[in-house]
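This report refers to the structure that appears directly beneath it.
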Amino acid sequence: MQEEKKEHQVQIYLNSRPRIVDKEKLSFRDVIVLYYGSYDENPNVAYTVSHKRNEHTPSVSMVDGDEVQVKEGMMFSVSKTDKS
């Protein structure tokens with residue numbers, strides 16, 4: 001079931017899954033929490049986040065501390081790895 005958009009909300013895609021957000025900017029950690037529900041502070045856990053504005057633009061990697069302006073239809077790729 002697709003979420004209903006309200007004024008000032010945009011639809012983004014997290015690993016191809018649609019998601020409605022009401023923030024103008026998303027941080028590296030915001031994206032992780034949106035996808036996984038929490039951010040694991042364990043030093044053995046590594047996250048990879050990238051985004052692109054649309055299917056015709058190149059992906060841009062994000063690191064902890066980065067923030068990106070959210071646009072309608074923006075695509076995010078999120079993964080989590082246990083380094084142990």
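What follows is calculated from the coordinates using simple rules that are stated; it is not laboratory data. Remember, predicted model here, so these are calculated numbers, not experimental data. Cβ: placed from backbone, ideal geometry, glycine included. Neighbour counts: every protein chain shown.
Taking region 27-84 and the strands (runs of 3 or more DSSP E) fully enclosed by it, the elements with 3 or more residues that are polar (S, T, N, Q) and surrounded by 10 or more Cβ atoms within 10 Å (Cβ to Cβ) are at 75-82. Selection of region 56-84 for residues being within 16 Å of Gln11 (Cα to Cα) and either small (Gly, Ala, Ser) or in contact with a Gly (Cβ under 8 Å, 6 or more places away or on another chain) (or both) yields Gly73, Ser77. Mind checking whether some residue in region 33-43 is without any contact (Cβ under 8 Å) to a residue 12 or more places away in the chain and within 10 Å of the chain's Cα centre (by Cα)? Scanning region 33-43 turns up at least one residue that is without any contact (Cβ under 8 Å) to a residue 12 or more places away in the chain and within 10 Å of the chain's Cα centre (by Cα).
Applying a threshold of 8 Å to beta carbon distances and a minimum spacing of six or more residues, or different chains, the list of pairs starting in region 61-84 at a residue that is farther than 16 Å from Arg29 by Cβ and touching a residue at least 60 places away in the same chain (Cβ under 8 Å) and ending at one that is surrounded by 11 or more Cβ atoms within 10 Å (Cβ to Cβ) and hydroxyl-bearing (Ser, Thr, Tyr) reads Gly73/Tyr13; Met74/Tyr13; Met75/Tyr13. Being at negative phi and touching a helix residue (DSSP H, G or I) at 6+ places or on another chain (Cβ under 6 Å) holds for only one residue in Tyr13, Tyr36, Tyr47, and it is Tyr47.
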